[in-house]
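Student: If you scroll down you'll find the structure; I have some questions about it.
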Amino acid sequence: MAIYNHVAIWDDAKMWPQSYFCNGHTMLNNEKMSKSTGNFRTLEDACVMFSADATRLALADAGDGIEDANFVENVANKNILNMTTEERWMTSVCLDKSVPLRSGPYNNLDLLFANAISRCVHEADRAYSKMKYRDALLAAWFQLQNAKKFYVDKSKIIHGELTDRFIEEQLIIFSPICTHFCESMWQRLGKPGLIVNARWPEARPVDPVLSSQYTYLLDLCRDARKKLDSEKDARQRAKLPDTSPVSFEILVSGGYLDWQEEILGLLVGVFKKTRTTLSITGGNPS
């Protein structure tokens, strides 16, 4: 019926619906919503219990597509704390000036963080345009917050200009989901106008090499934490005193072994030969 009405009103096909989404039932905490069992929440109930922003975040996280959307109350509760923590951090950086900042050229960590910001902006924009709100939330909040935490934790002193960029772009790309939080912080930080009228962040190019380096470092840190936890568990089972290490020493190879260099050389030769053949014949790699 909606398609019929649009066609009847507008001659321009651009004004007609471009796509439809079909959703399943709504679940609450992994169980079917049911008044008879008491597993039931109205939107008003959820807003009173968790606030409008936390409700919107949990709804975005509930899922897209034809599967049943699962509203998890722990997600709402946890992210109330996360948004409060982020509010305090932004306030300490921009208003209290209690966080030391530096200026000048970017170091390696700055470049990794800047590239992670660009990637999150791209992915959030793509997800919003397709109405994939769980993917948008993942990029605009969870992944961008993880990138900030990694950067802040690993930096001795964070870069002032890069931090300002992060704060502004974090608020803008997160505002379609948690509008009240982002608008409140936008006003408190003295940004011009309303955040709903702010320009979407510039689509800066994403460097795949920096993305791979960032992913490698994340995996390295995750593996180190798993190794540490495993060692601590083993010592507890053996009833040995806990001697947790204060730091890790990471050994980085200065080059490849002879047999590795030989294989890489052969692969480079095959790649160059294949690329030359494709350019001559006008073919495309499969």
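Student: All other residues with a Cβ under 14 Å from the Cβ of His122 taken together, and with Lys, Arg as +1 and Asp, Glu as -1, what is their net charge?
Tutor: -1
Student: Rounded to the nearest 5, what is the percent of antiparallel bridges among the DSSP beta bridges in the chain?
Tutor: 40 percent
Student: For Thr55, Thr179, give me the order by solvent-accessible area with a 1.4 Å probe, most accessible first, ignoring ligands, DNA and RNA. Could the numbers behind the result be given before it?
Tutor: Working: Thr55 5, Thr179 40 Å².
Final ranking, largest accessible area leading: Thr179, Thr55.
Student: Turning to a different aspect of this structure: Quick one: accessible area per residue over the range 149-188, 1.4 Å probe, rounded to a whole number of Å²?
Tutor: 40 Å²
Student: Taking H as built 1.01 Å from N, whose amide H comes closer than 5 Å to the amide H of Ile158, not counting residues under 5 places away?
Tutor: Residues meeting the criterion, in which the H sits 1.01 Å from N, are Arg102.
Student: Using a basic spin-label model with each label point 7 Å from the Cα along Cα→Cβ, how many nm lie between Val99 and Thr85?
Tutor: 1.3 nm
Student: List the DSSP H helices in the chain whose Cα atoms stretch 24 Å or more along the helix axis and whose mean Kyte-Doolittle hydropathy is at least -0.5. Could you put the intermediate results ahead of the total?
Tutor: Working: long enough: 73-94 (32 Å, -0.54); 108-129 (32 Å, 0.00); 208-237 (43 Å, -1.07); 258-281 (35 Å, 0.16).
Membrane-span-like by this criterion, though nothing is claimed about a membrane: 108-129, 258-281.
Student: Then there's this: Among 220-227, 72-79, how do they line up by average Cβ neighbours within 10 Å per residue, starting with the highest? Can you show the working numbers first?
Tutor: Working: 220-227: 11.5, 72-79: 16.6.
Answer by packing, highest mean first, reads 72-79, 220-227.
Student: Given H placed 1.01 Å from N in the peptide plane, which residues other than close sequence neighbours of Asn39 have an amide H under 5 Å from its amide H?
Tutor: Ser34
Student: Assuming R0 = 35 Å, what is the FRET efficiency of Thr26 and Ala203, from their Cβ-Cβ distance, to the nearest 0.05?
Tutor: 0.50
Student: Next question, about the same structure. Assuming R0 = 41 Å, what is the FRET efficiency of Val246 and Trp16, from their Cβ-Cβ distance, to the nearest 0.05?
Tutor: 0.05
Student: To continue, here is another question. Cα centroids of the range 97-142 and the range 180-242: how far apart, whole angstrom?
Tutor: With the range 97-142 and the range 180-242 each reduced to a Cα centre, they are spaced 10 Å.
Student: Mind ranking 235-242, 81-88 by how tightly packed they are, going by the mean number of other C-beta atoms within 10 angstrom, highest first?
Tutor: Final packing ranking: 81-88, 235-242.
Student: Given a Förster radius of 51 Å and the C-beta distance between Thr37 and Trp259 as r, what FRET efficiency does 1/(1 + (r/R0)^6) yield to the nearest 0.05?
Tutor: With a Förster radius of 51 Å, E is 0.20.
Student: Let me ask something else about it. For the chain, which whole-number percentage of the solvent-accessible area (1.4 Å probe, protein heavy atoms only) is attributable to carbon and sulfur atoms?
Tutor: On the way: 10940 of 19210 Å².
The C+S portion of the solvent-accessible surface of the chain is 57 percent.
Student: Given only helices, namely DSSP H runs of n ≥ 4 each adding -39500 (n - 2.57), what is the per-residue ellipticity at 222 nm of the chain, to the nearest 500 deg cm²/dmol?
Tutor: Mean residue ellipticity at 222 nm (helix-derived): -19000 deg cm²/dmol.
Student: Quick one: what does P(r) look like for the chain with 10 Å bins over all Cα pairs, in whole %?
Tutor: Spelled out per bin, shortest first, that is 5, 18, 24, 24, 18, 9, 2, 0.
Student: Taking Cα atoms of the range 226-272, Rg/Rh with Kirkwood Rh, to two decimals?
Tutor: Rounded to two decimals, Rg/Rh equals 1.39.
Student: For each pair in Lys156/Lys239; Lys156/Lys191; Lys78/Lys154; Lys14/Lys149; Lys191/Lys226; Lys97/Lys132, compute the distance between the two Cα atoms and list the pairs where it is over 31 Å.
Tutor: Over 31 Å Cα-Cα: Lys156/Lys239; Lys14/Lys149; Lys191/Lys226; Lys97/Lys132.
Student: What is the sum of charges, Lys and Arg at +1 and Asp and Glu at -1, for the other residues whose Cβ falls under 14 Å from the Cβ of Gln236? Can you show the working numbers first?
Tutor: Details: positive: Lys232, Arg235, Arg237, Lys239; negative: Asp229, Glu231, Asp233, Asp242.
With Lys, Arg at +1 and Asp, Glu at -1, the net is 0.
Student: Quote the relative contact order of the chain in percent (integer), defining contacts as alpha-carbon pairs under 8 Å separated by 6+ residues.
Tutor: Worked out over the chain, it gives 14 percent.
Student: Also: Using every alpha carbon pair in the range 1-71, what percent of pairs falls into each 5 Å bin from 0 up to the bin containing the largest distance?
Tutor: Answer for the range 1-71: a P(r) of 3, 14, 18, 16, 13, 10, 12, 9, 4, 1 percent.
The values are calculated or read from the model by the stated rules, or taken from the named source; none is laboratory data. Predicted model, so just to flag it, every value in this text is computed and none were measured. FYI the Cβ positions are ideal-geometry reconstructions off the backbone, even for glycines, and counts take in every protein chain you see. Surface accessibility is based on the protein's heavy atoms, side chains included, excluding ligands, DNA and RNA. Shrake-Rupley method; radii C 1.70, N 1.55, O 1.52, S 1.80 Å.
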